C-alpha cells in the first residue's frame, strides 16, 4: 500500500487507472506505508502532479537565478580576468619593446661616443704634432740664426785675426829688416811686401 | 517495524509534509519537493557565495564554480557551436540541478529526487520541448529535415525516415530513464548491502563478524555511486547539448 492512494482516489479520478486494484480508505494520507508491496513509489502516478509542480517551481526559480545573477557574475569574473591577462601581456610586450629600443639607443650612442672619442683623440694628436712641428721649426730657425751669427762672428774674428796677422807680419818684417839692414824702411813698402808674400 | 529498516524501496516513498489540493490535483509539498528546494538552495547558495568576492585570482570555492561554468560552456560550444551558447543558462541550470540532486541523494536518510522517473522525465521533456519549439521557430518546416539524412537514396528513405523518427521520439525516454535507472539501481544496491549489515549484526557476534563484508561493499558502492552521480549529471548535460545542436542545425 502506498501513502497517497486513498487521497488520490478520492480527489483525483483522472489517475484512477493505476489504483483500481488497491483497497482505498484504510490509510490516512500521511501514514508511512509499512508493506513492501503495492505500487512502486517512483511509478506512482498519484505523486506526479505534485512532483512536476514543485520541479517546475524550483527548477524555474533556479534557472532564473542562474541566468540573472550567477552567470553574469561568473562570466564577468572570467571575462575581467582574460581582459586583464591580455592587457598585462600587451603591457609586457610594450615594455619589452621599450627596453629593446633603449638598448638599441644605448648601443648607438655608445658607437657615436666611440667615434667621437676617436675623432677627438685624432684631432688632439694632430694638433700636438702640428704644434711640435712649429716649435721645432721655430727652434731650428733660432738655431740657424744663431749659427749664422756665430759663423759671421767667427768670420769677422778670423778677418780681424788675419788683419792682425798682417800687422804682426809687417811689424815683424820691419823689425827683421831693421835688424838686418839697419835703418828704417817705409811702412808702405813692407805692407806691400807682406801682402805679396801672403798671396 | 524491523522490516522497514531493510526495505530497499522505503527510501523512495513520497511523504506529504504540507498537503495541498487544488482543483482535484494533489499538489502537496512532499519530501521530494523539500529536496528539490534544498537542491536549488544549496546549488544557488554555493554558486552565489563562492563568487561573491569576484577575485581576480580565485579561491578554491570560486575555482569550483568557475570550473563548472567553463566545463559546461566548453561542452555546449563543442557540441552545438557558438550559436548554442544562447542555451547556456539552460544547460548550466540542468547540469547543476542534476549534479547537486544526485550528490545530495548520497547522504543517508536523504531523498534522491532524480530516483523518481517523473522528475527525470520532466527535465527530459523540458529539453526535448525546447528542441522542438526552438527548432520549428528557427527553421519552420525545415526542422523536419532532421528526419531526412542527406545523401540517402529515395528508396532507402522509406526505411530511414521511420528509424529517425523513432530515435527522436525515444530520446526523452532514454534521457530520463538513463538517469532515473542509474540513481534508483544504485540506491537500492546501497540499501540492500547496508541492510545486510544491520540484519547480520542483529544475529550476535558471528553476525557482526560476517557483516564486515557487506559493510566493505557498501563503502565501495558509495564511492561508485559518487562516480555515477557525477557521470550521470555529465551525460545528461552532454546529451542535452547534442539534442540542442539538432534544433540549431537540423540538416545533419
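Read-outs: derived from the displayed coordinates by stated rules, not from any lab. None of these values were measured; they are calculated from a predicted model. Note that we place each Cβ from the backbone using ideal geometry, even for glycine, and neighbour counts take in every protein chain shown.
Test of understanding: extend the Cα→C-beta vector of residue A:122 to 7 Å, then name every residue of the range A:84-115 with backbone N under 11 Å from that spot.
Label zone hits: A:115.
Compute the long axis of helix B:212-248 from its Cα atoms, compare it with the longest principal axis of the Cα atoms of chain B, and write down the angle in degrees, 0 to 90, nearest 10.
Once rounded, one gets 20 degrees.
To the nearest 10 degrees, how steep is helix B:117-139 against the longest Cα principal axis of chain B, on a 0 to 90 scale?
With rounding to tens, the tilt is 10 degrees.
According to a simple spin-label model (label point 7 Å from Cα along Cα-to-Cβ), what is the distance in nm between residue A:195 and residue A:61?
That separation, rounded to one decimal, is 15.9 nm.
Taking the Cα-to-Cβ direction at residue B:161 and at residue B:63 and moving 7 Å from each Cα, how far apart do the two end points lie in nm?
Between residue B:161 and residue B:63, the simple spin-label model gives 5.5 nm.
Tell me, what is the FRET efficiency for residue B:15 and residue B:234 to the nearest 0.05, using R0 = 30 angstrom and their Cβ-Cβ distance as r?
The calculated FRET efficiency here is 0.50.
With angles folded into 0 to 90 degrees, how steeply does helix B:60-80 sit against the dominant principal axis of chain B? Use alpha carbons for both and round to 10.
Tilt of helix B:60-80: around 40 degrees.
Tell me, what is the FRET efficiency for residue A:114 and residue A:89 to the nearest 0.05, using R0 = 51 angstrom and their Cβ-Cβ distance as r?
0.85
Per-residue ellipticity at 222 nm for the protein assembly as shown, helices alone: DSSP H runs ≥ 4 residues times -39500 (n - 2.57), over residue total, nearest 500 deg cm²/dmol?
-26000 deg cm²/dmol
Using alpha-carbon positions, what is the distance between the centroids of the range B:44-122 and the range B:169-226, in Å?
Using only Cα atoms, the two centres lie 26 Å from each other.
Could you line up B:243, B:48, A:106 from fewest to most neighbouring Cβ atoms inside 10 Å?
By the 10 Å Cβ count, ascending, the order reads A:106, B:48, B:243.
Hey, fewest Cβ within 10 Å first, where do B:189, B:82 land in order?
Listing B:189, B:82 from fewest to most nearby Cβ atoms yields B:82, B:189.
Sticking with the crude label model, points 7 Å out along Cα→Cβ, report the distance from residue A:98 to residue A:177 in nm, one decimal please.
Once both label points are built, they end up 11.5 nm from each other.
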